[in-house]
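Scroll down for the structure; my scribbles are underneath it.
Derivation of every value follows stated rules applied to the coordinates shown; laboratory data play no part. On a predicted model such as this, the values are computed, not experimentally measured, just so you know.
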Amino acid sequence: MVLMGFTYLAGHRLVGPGSAWYVGDPKEELRMPFVNIRLYEGHGKERKDELAKRITQAVTDVCKVPPQAVWVVFEEVPPTDWFAAGAPGQPVKK
């Protein structure tokens, strides 16, 4: 079982015309989507890279922002610290 928690905070940061990531009217600000993903520790770099790529693309498509404006952060939690129904989780099977 793979457990992940997703938190999407739309507009977590503001990017203004002075930023290298800003695209658009210099009189406007662009809200930067911040996606925080909590998951069991032990997932490999390839899996996290693919998740970040797909999440960035989805947020880019829906929010109409450039990929450079999307932040994806992974927080790895030891399975023994992740409880469901009062029981700790099990290590990730590879």
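So the values come out like this:
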quantity: Karplus-derived 3J(HN,Hα), 6.51/-1.76/1.60, for each residue of the stretch 56-63, Hz, glycine and proline x; calculated: 4, 5, 5, 5, 4, 5, 6, 8
quantity: Extension reserve of the residue 75-residue 45 stretch, reckoned as 0.36 nm per residue once the Cα distance is removed; calculated: 9.5 nm
